[in-house]
Structures are given as structure tokens and as C-alpha cells.
Amino acid sequence: MTGEGVRRANVVGLGLIGGSVGKALRARGWRVAGYDIDPARLARGVQVGAIDEAALDADAEITFVATPVQATSAAVADALARTTGLVTDVGGVKADVAAATTDPRFVGGHPMAGSEQEGLDGADAAMFEGAVWVLTPTATTADHTFQAVAAIVRLLGAEVVALDPARHDSLVAVVSHVPHLAAATLMALADDRSDEHAALLRLAAGGFRDMTRIASGHPAIWLDVCEQNRVAIVDALDGLIAGLSGVRGIVARSDRDALHHLLDRARVARANLPTRLSRTEDLAEVRVPVPDRPGAAAEVFTLAAELGVNIFDFEVFHSAEGDKGVMILLIESTSSDLFRGGLLARGYRPGVRRLE
């Protein structure tokens with residue numbers, strides 16, 4: 001019997017990410033029902049504590065669809081038909097499921113987290129703490145859906161970033177999909193040459209191991225990802241190939257100045273990757289009245305992602321007069337003028353206050 005006030009969720013697909021979602025929710029007091037096409041995996045999910053029961057709770061607050069990306073659209077449609085709550089997914093490709101799903105109770109999602117371990121044995125309740133979790137609202141996503149799913153994602157310890165589905169696919173091709181293929185290719189090159197030089201792989205330490213770590217991921221997942229995000233991945237691969245060709249030319253002609261410029265540019269860019277802030281004095285509070293129109297709250301988050309503004313925390317306060325409300329966001333104070341200008345340009349009336 002579920003205790004009164006206990007929040008309830010479903011997880012469909014009990015692999016590494018689905019199992020981690022279930023464990024993370026249960027660690028925060030939720031009751032989690034689960035479904036998987038493999039009965040043995042479903043039983044294992046109960047055994048390892050990823051879910052409380054093997055079932056689909058029709059009245060659960062939210063359903064997380066964690067199936068392979070080729071099956072995601074059908075699984076989302078099934079979850080929407082069989083449950084009354086919100087539905088999101090965790091797939092690494094978003095355009096197809098967004099195009100196939102127009103129900104206002106759905107918003108696409110992609111936690112940028114994982115592990116070299118496979119399946120339920122690698123599931124970890126702490127996997128999403130400090131991770132970026134992308135949400136991909138569309139014109140049909142209800143504001144309540146976006147706000148509620150974003151709040152649950154934050155409850156799991158993740159930072160919410162909102163992106164258009166197609167833009168998400170283009171960006172993850174660069175930061176996730178192509179790096180995996182590059183690591184696999186480099187690992188294959190080393191493996192080919194290890195037959196000629198037995199010591200090669202024994203010397204493969206430090207930077208080589210760091211760079212090729214992601215090549216240890218499960219191959220089956222990447223078959224579907226590369227199929228569904230083929231256009232964006234090929235485009236990013238073309239860019240990488242052109243870049244490597246340029247580096248080859250620099251090295252071949254011993255152009256020390258060009259090489260120094262390239263390496264220094266990479267070093268500076270790597271150092272400037274965003275990090276989480278911990279000091280209150282580095283933050284600013286932005287209050288944004290949310291107009292009574294569909295997608296307004298999601299639009300604010302999407303704008304922040306487009307401008308490169310990190311949102312470290314947020315709340316939504318609803319007016320007693322109806323659906324109107326106020327979003328209160330915490331951002332890096334150095335980005336406050338940029339963010340305020342972008343909001344004003346889109347018809348919002350934000351207020352900004354630096355925290356002391």
C-alpha cells in the first residue's frame with residue numbers, strides 16, 4: 001500500500017539510465033513502478049532496488065521512458081495512452097520523438113550522464129548529481145509539463161538546460177556522438193598497430209586512456225544513435241576530418257607558429273568550459289513575469305541556452321488569478337546584462353538583483 005503523500009513514478013526500460021533514474025527517485029522517497037520487455041531484467045530491477053514493483057502505474061506523476069532510441073517514440077505514445085501523468089524520455093537523439101509526439105503532457109529529455117558499466121549492474125542513484133539534463137520542449141509542450149519535469153530533474157541533482165530538439169541533436173553530435181566515434185577509431189588504430197609493436201598498448205596510459213575511455217561504452221546503443229542522428233553526425237565528422245587535415249598540413253610543413261596558435265586556442269577554450277559556481281556573491285537573481293501563453297517558461301530556458309547563460313537554480317510562483325506567474329532564476333552575475341537584454345528583446349520584463 002502506498003503511503004499518503006508519497007510521490008509515484010514509472011520507469012519504462014530498465015537499463016543503465018532507467019535503473020539510475022529509478023534508484024535516484026527511490027532514494028528521495030518516491031515509489032517507482034517499472035516495465036521492461038525482458039522479464040528477467042524486470043525481476044532484476046526489483047532485486048537491485050531500481051523499482052518497487054514490476055508494473056505500470058496508470059496514475060503516476062511522471063513516466064520516464066528509457067528505451068533504446070529506435071523504440072522511444074512508440075514507447076512514449078504507449079505511456080501517454082496508458083497513464084494520466086507527465087511523460088519524458090532520456091534518449092540521446094531528440095528530433096524524431098519530438099516530431100512524433102504532440103501531447104502537451106510530454107517533454108523530451110536527455111541526461112548527459114553515464115558509466116562504462118552496462119545495464120542495471122551499473123545503475124547509480126547519484127549518477128545525475130552535477131550533470132546537465134537537457135529538456136527539449138516544443139510548441140505543443142504545456143508550460144506546466146516543462147516546469148514540473150524540470151523541477152523533478154533538479155530534484156535528482158541535475159542542471160536543466162532547454163534546447164530546441166534539432167539544435168540538441170546538432171550539438172550532441174559534436175560533444176558526444178563524434179567524440180565517441182573518434183575514440184573508437186583511435187582505439188582501433190592502436191589495436192591494429194599493437195600486433196606490430198607489442199609494447200604499444202602497454203604504453204597506452206595517461207592521455208590516451210583518458211581520451212579513449214568513452215570507447216568502452218556498449219556498442220548496441222551507438223548503432224541506434226548513429227542511425228537516428230545520421231545527418232548531424234556526418235556534418236560534425238566532416239568538420240573533424242577537415243580539422244585533422246589542417247593539423248596534418250601544419251605538422252607536415254613544420255609550421256610552429258600555426259601549431260602553437262592551434263594548441264593555445266584549444267587550451268584556452270578547454271579552460272573556459274562552464275563550471276558550477278558555489279559563491280553566492282557570483283550570482284544574480286532574475287525575476288521574469290511569465291505571460292499567459294503556451295511555451296513561455298520553456299522559451300526563457302531555451303533563450304538562456306542560446307545565450308550561453310547557466311541557470312543554477314529556479315522556482316516558479318503561480319498567481320492566484322490564473323496561469324500567470326513569476327519565474328525566479330539564479331544565474332552568473334556576469335551574464336545578467338546579456339540575459340536581461342535577450343529577455344527584453346522577446347517581450348519579457350525581467351527584474352535583476354545581484355545577490356550579496
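In segment 70-81, the qualifying residues are those that are surrounded by fewer than 22 Cβ atoms within 10 Å (Cβ to Cβ) and among the hydrophobic types (A, V, I, L, M, F, W, C), and the one that is nearest to the chain's Cα centre (by Cα) is Ala71. For segment 182-190, the criterion of being part of a loop (DSSP other than H, G, I, E, B) and at pLDDT below 90 is met by no residue. Quick one: would you say Arg154 is farther than 20 Å from Leu14 by Cα, touching a strand residue (DSSP E or B) at 6+ places or on another chain (Cβ under 7 Å) and not acidic (Asp, Glu)? Considered against the rule, which asks whether it is farther than 20 Å from Leu14 by Cα, touching a strand residue (DSSP E or B) at 6+ places or on another chain (Cβ under 7 Å) and not acidic (Asp, Glu), Arg154 comes out as yes. The set of residues in segment 119-148 being under 30 Å from Pro291 (Cα atoms), among the hydrophobic types (A, V, I, L, M, F, W, C) and touching a Gly at 6+ places or on another chain (Cβ under 7 Å) consists of Trp133, Val134, Leu135, Ala139. The single condition among (1) modelled with pLDDT under 85; (2) among the charged types (D, E, K, R); (3) part of a helix (DSSP H, G or I) that Glu196 does not satisfy is (3). If you go through segment 162-179, how many residues are buried (at least 21 other Cβ atoms within 10 Å of the Cβ) and either charged (D, E, K, R) or in a strand (DSSP E or B) (or both)? Qualifying residue count for the region: 2. In the set (1) at pLDDT 90 or above; (2) surrounded by 20 or more Cβ atoms within 10 Å (Cβ to Cβ), the condition left unmet by Asp143 is number (1). If you check Ile214 against the conditions, is it within 19 Å of the chain's Cα centre (by Cα), modelled with pLDDT under 90 and either over 23 Å from Gly122 (Cβ atoms) or surrounded by 15 or more Cβ atoms within 10 Å (Cβ to Cβ) (or both)? Considered against the rule, which asks whether it is within 19 Å of the chain's Cα centre (by Cα), modelled with pLDDT under 90 and either over 23 Å from Gly122 (Cβ atoms) or surrounded by 15 or more Cβ atoms within 10 Å (Cβ to Cβ) (or both), Ile214 comes out as yes. Taking into account only those residues within segment 93-126 that are under 12 Å from the mean Cα position of the chain (by Cα) and at pLDDT below 95, which is surrounded by the most Cβ atoms within 10 Å (Cβ to Cβ)? Result: Ala113. Going by the structure shown, is Gly157 touching a Lys or Arg at 6+ places or on another chain (Cβ under 9 Å), under 15 Å from Ala24 (Cα atoms) and outside any helix (DSSP H, G or I)? So Gly157 does not fit the description; no.
The values are calculated or read from the model by the stated rules, or taken from the named source; none is laboratory data. Predicted model, so just to flag it, every value in this text is computed and none were measured. So basically every Cβ, Gly included, is an ideal-geometry build from the backbone, and we count neighbours across all protein chains shown.
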